[in-house]
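Okay, structure first, notes after.
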Amino acid sequence: MSSPHFPSEVEERILEEVPSSTLPEGDPDKQIAGRSLTQLAWARLKRDHVAMVALVFIILLLLVAMFAPLLANLLNIDQYQPDRAVLDDATGGLPTGWLSSGISWDHPLGVEPGSGRDIAGMLLFGARISLLIAVTSTVLVVILGVAIGAATGYLGGRFDAVVGRTMDFILIFPLLLMLIALSDPLTQRIESWTGLAGNNSRIVYIIFVFVFFTWPYLARIVRGQVLSLREREFVESAVSMGSGSRRIIFKELIPNLWAPVIVYATLALPSFIAAEAALAFLGVGVVPPEVTWGKMLSDSVVYYTSVPTYLFIPGTLLFLVVLAFNLFGDSVRDALDPRAGRV
Amino acid sequence: MGMAKTGLRATALVGVGALLLTACGGSDDGDDGSSTDGGQAGGTLRILSIGSKILSLDPQRNYTGEDLAFASGYLTRTLTQFTYEEGQGGWTLQPDMATDLGTPNEDASQWEFTLRDGVTWQDGSEVTCDQIKYGVSRTFAQTVITGGPTYAISMLDIPTDADGNSTYLGPYEDSKDNNVEAFDEAIGCSEDGKTITFNLNKPVPDFNNAVTLSSFSPVPEEADTGEDYEDMIVSNGPYQIESYKRDQELVLVRNPNWDSASDPARPAYPDEVIVEFGLDSNSIDQRLIASTSDDASAVQMQAMQADVLNQVFTDPQLDGRRWNEASPYTLYIAIDNKQVTNVMHRQALAVCLDRAARRTIAGGDYAGALADGVIKNNFLGYEPTGMWDTLLGAPIPDEGDPEYGMQLIEDSGEPMPTIRYDYAQSSTSDKIAASLVESMKRCDIDVEANPIDAGQYYGIVLDPAKRGALINGGWGADWGNASTVVPELLASFGGWNLSDYSNPEFDKEAQAALENLDLPSQTQQWNELNALAMSEAAVIPTLFENDQRMAGTDVGGAYIWAPYGSWPYAQLSVEE
């Protein structure tokens, strides 16, 4: 779709003539309305059907993940309890029924070959871990990236040089190799430092590595934005009125940065979901009996001929989630500012 | 052989790419590829492997079934070898480099073998007694020559120090303390270099079986490069290494100096043997099902994955080139007896485990039969232990008995200690771990699953300080005597006692059985000791494993060779 043009400089309020076409026919109160950036962006977003479908899907997904235990109870699904009755030892432990999927009223999405665990239940609870990792990583990356990026951009000088080189240093590390290499020793460290055991320490580890190796990307974008913002009048006036650096960064600069940051976040989140899935293929991830979507996908690949639904269902779902976040992120960017940070 | 096994089925990383690369099926060209007597000479045999290399081609370090069979078929001759024959007949010995099966003295503490004429290295020089002696000496250099069998150390008559370690430290050790004289006396060579004599520290009535292991085979001293020797070993078999690149391929070509008259058991049909490394297991299975072009003359080096079994064994077109046979391995879960000290707790763990679920995940009927001890059911002289009928105090169903398990814990009067389950990670073993956690939960036992990288697995769990209370394992006999199973796994002096089971009565009986010269009554003793250890739940036996394999349409002479659960490599041919 075409993106409406909008100046990249962000002002507190912008006056814009409301297009007459959006007003009721023959409205006598045809007027000039003052609308905030948020209202304008939201109005654009609402007109974007793809974005709305994606948003509804995302909200549904988050609700389902949040209320997974409740939902599982309601639907009488247990992700742990194997149903061995639908497996056939004579076929090597494959489920019975249509396409060897084990799909039935009891198991609407079938069962896992071999173990007989309910796929709907695994997806439901797997979504919690996958989304927990992705959402937490995104939030932490945003906090760190914005704070450090704004500080380096505004303060400049030696601070910028030191932090900037540190970011470069972090960026040159190959993330995937580090993840695999550090997985065991760091997980054990986290266990001994925090007292977390088993999966909790592994989840903390994955989040830690995602955040540690990703925040510099956002920090660089933010720094670039701040470099141009800090020369602007409202910042200069704040300086001339004697505001301190902290106040200027947090009260003047950061509120004007959220457009590129929101865009970055909506695109980073699905990339974390996909990265978690990729890690599962490499054997880094949660330990049984917990699963993530990535783990389910990597386990199911070999069954693509014998139990196609086992691969198809989690695969499609993962594809849809990543697609929804990406489409929504694109639309938000278009709505907010077509020129800000193509990330 | 065999030895240790990391998981239920070897697995490789499976990338999404495999899905695209192997999705095209192939037509069957109608040749059923059944073996023919005689076999056709010539052609190139391909061996498809998921490994990055042969685990070790170094004769003194090679200790996995498939790799021993491979090296023995092509490169490394031994004093005696197992017979190339389908079924249990494969366990019968035949002479290889020796003229006969060896001559023991009266109490079998001294064994003498005479070398055949015409056994040569790839450069044409004769294999000598001194080279065998030098090869065996390498086993003693345990810091350099790692991972191999240690029967030479435990059997040869060489004094040990106060800690029970050998006073001879191998050929690379220069210090004065190295007891070279004792080693020289333990292995004697006749003047003409044709007769070798092994002096043992105890009677070993089946020592001529031990020398089927390549750790008792020769190495030319001038070619020895220590731990790097595995990269370019000198062959005395029908083939020699042309090139060997990790993650790529190993190419074997004919050894021009090999004399077939000295080697009746190896027909050596193909002109060339190529091992392709680093393949994805799923793509190997699909390539062999399709069996087109080069893959028609290929076999797989590891067992098939559970997911394709039903497809392969229900497709009539694949008849004659698919095998579903017992492997030499018993799969078990070792219980660390020092962590779970109370025998009733160990019994409760065995009682609570859902063994049927475990078997279904491993491949259902294809996975094998439920195990009742560490001695495998296809083993000569095997007797059921009755573990699941009487030994644990009640009959235990295959799905486990949570009520009885909880009662055992209650009767023990102690709370169950924390339980961690260690296993070598793979997609299948993850599912098995989840099932174990779930089945123990029925007894209110909390188990933490601990996946370990397959390459590091045994390094970690062999260290008592690092392992969990439950350790997944697998073991196969080194030769047709349970003396290579029961004491190795369960005696406190055993080399693979993952469960740290230490029962003085058991140790005493095991020592007595080892020195029993009458093999039938020795077998009986192993059966009794097996049952004794199972009644105390030293380990939880889970599966008497079956393996499935496929060969391409043009491969001749293929079957599953019982002693190694492998292909009879020396017998394979390409029929074009």
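The values are calculated or read from the model by the stated rules, or taken from the named source; none is laboratory data. This one's a predicted model, so the numbers in the text were calculated from it and none came from an experiment. So basically every Cβ, Gly included, is an ideal-geometry build from the backbone, and we count neighbours across all protein chains shown.
Scan the stretch B:458-477 for residues that are in contact with an Asp or Glu (Cβ under 8 Å, 6 or more places away or on another chain) and not β-branched (V, I, T) and the total you get is 8. Here the stretch B:404-424 is the region considered, the condition is being buried (at least 21 other Cβ atoms within 10 Å of the Cβ), closer than 18 Å to B:G468 by Cα and of a type outside the set (A, V, I, L, M, F, W, C), and the residue that is farthest from the other protein chains (Cβ to nearest Cβ) is B:D422. Between A:G224, A:G164, which is among the small types (G, A, S), within 24 Å of the chain's Cα centre (by Cα), surrounded by fewer than 20 Cβ atoms within 10 Å (Cβ to Cβ) and within 23 Å of A:G145 (Cα to Cα)? Step by step, each of A:G224, A:G164 is checked, and only A:G224 is among the small types (G, A, S), within 24 Å of the chain's Cα centre (by Cα), surrounded by fewer than 20 Cβ atoms within 10 Å (Cβ to Cβ) and within 23 Å of A:G145 (Cα to Cα).
Within the stretch A:88-111, track down each residue that is crowded, with 24+ Cβ neighbours inside 10 Å, within 7 Å of chain B (Cβ to nearest Cβ) and either part of a loop (DSSP other than H, G, I, E, B) or touching a Lys or Arg at 6+ places or on another chain (Cβ under 9 Å) (or both). Selection gives A:G92, A:G93. Scanning the stretch B:307-318 for residues that are in contact (Cβ under 8 Å) with a residue 12 or more places away in the chain, within 30 Å of B:A482 (Cβ to Cβ) and under 19 Å from the mean Cα position of the chain (by Cα) turns up nothing. B:Q311 passes every criterion in (1) more than 18 Å from B:I471 (Cα to Cα); (2) away from chain A (no Cβ under 14 Å) apart from (2). When the stretch A:61-87 is limited to residues that are facing chain B (nearest Cβ under 7 Å) and not in a loop (DSSP other than H, G, I, E, B), the one that is nearest to B:S435 (Cα to Cα) turns out to be A:R84. Residues in the stretch B:162-207 that are assigned to a helix (DSSP H, G or I) and among the hydrophobic types (A, V, I, L, M, F, W, C) were compared, and the one that is farthest from B:S137 (Cα to Cα) is B:F207. Of the listed requirements (1) part of a loop (DSSP other than H, G, I, E, B); (2) within 14 Å of chain B (Cβ to nearest Cβ); (3) of a type in the set (F, W, Y), A:F125 misses just one: (1). Being surrounded by 20 or more Cβ atoms within 10 Å (Cβ to Cβ) and closer than 19 Å to A:A280 by Cα is a property that does not hold for A:V204.
Quick check on the stretch B:367-386. Is at least one of its residues within 14 Å of another protein chain (Cβ to nearest Cβ), crowded, with 24+ Cβ neighbours inside 10 Å and touching a Lys or Arg at 6+ places or on another chain (Cβ under 8 Å)? The answer is yes, given that some residue of the stretch B:367-386 is within 14 Å of another protein chain (Cβ to nearest Cβ), crowded, with 24+ Cβ neighbours inside 10 Å and touching a Lys or Arg at 6+ places or on another chain (Cβ under 8 Å). Check B:R321, B:R358 and return the single one that is within 14 Å of chain A (Cβ to nearest Cβ) and buried (at least 18 other Cβ atoms within 10 Å of the Cβ). After applying the criteria, what remains is B:R358. Inclusion of A:P308 among residues that are surrounded by fewer than 18 Cβ atoms within 10 Å (Cβ to Cβ), touching a Ser or Thr at 6+ places or on another chain (Cβ under 9 Å) and within 14 Å of chain B (Cβ to nearest Cβ) is warranted.
Considering the stretch A:232-343, there are no qualifying helices (runs of 4 or more DSSP H) wholly inside with 2 or more residues that are touching a strand residue (DSSP E or B) at 6+ places or on another chain (Cβ under 8 Å) and free of Cβ contacts under 8 Å to residues at least 24 places away in the same chain.
Among the residues making up the stretch B:523-566, those that are in a loop (DSSP other than H, G, I, E, B) and over 17 Å from B:A477 (Cα atoms) are B:E536, B:A537, B:A538, B:G552, B:T553, B:D554, B:G557, B:A558, B:Y559. All told, B:S427 meets the bar of being at the interface with chain A (Cβ under 9 Å from one of its Cβ atoms), within 26 Å of the chain's Cα centre (by Cα) and small (G, A, S). Any residue at all in the stretch B:450-464 that is facing another protein chain (nearest Cβ under 9 Å), under 24 Å from A:R84 (Cβ atoms) and either assigned to a helix (DSSP H, G or I) or at pLDDT below 85 (or both)? The answer is no; no qualifying residue exists. Taking the criterion of being surrounded by 14 or more Cβ atoms within 10 Å (Cβ to Cβ) and either hydrophobic (A, V, I, L, M, F, W, C) or under 22 Å from B:T484 (Cβ atoms) (or both), would at least one residue in the stretch B:116-125 satisfy it? Within the stretch B:116-125, one or more residues are surrounded by 14 or more Cβ atoms within 10 Å (Cβ to Cβ) and either hydrophobic (A, V, I, L, M, F, W, C) or under 22 Å from B:T484 (Cβ atoms) (or both).
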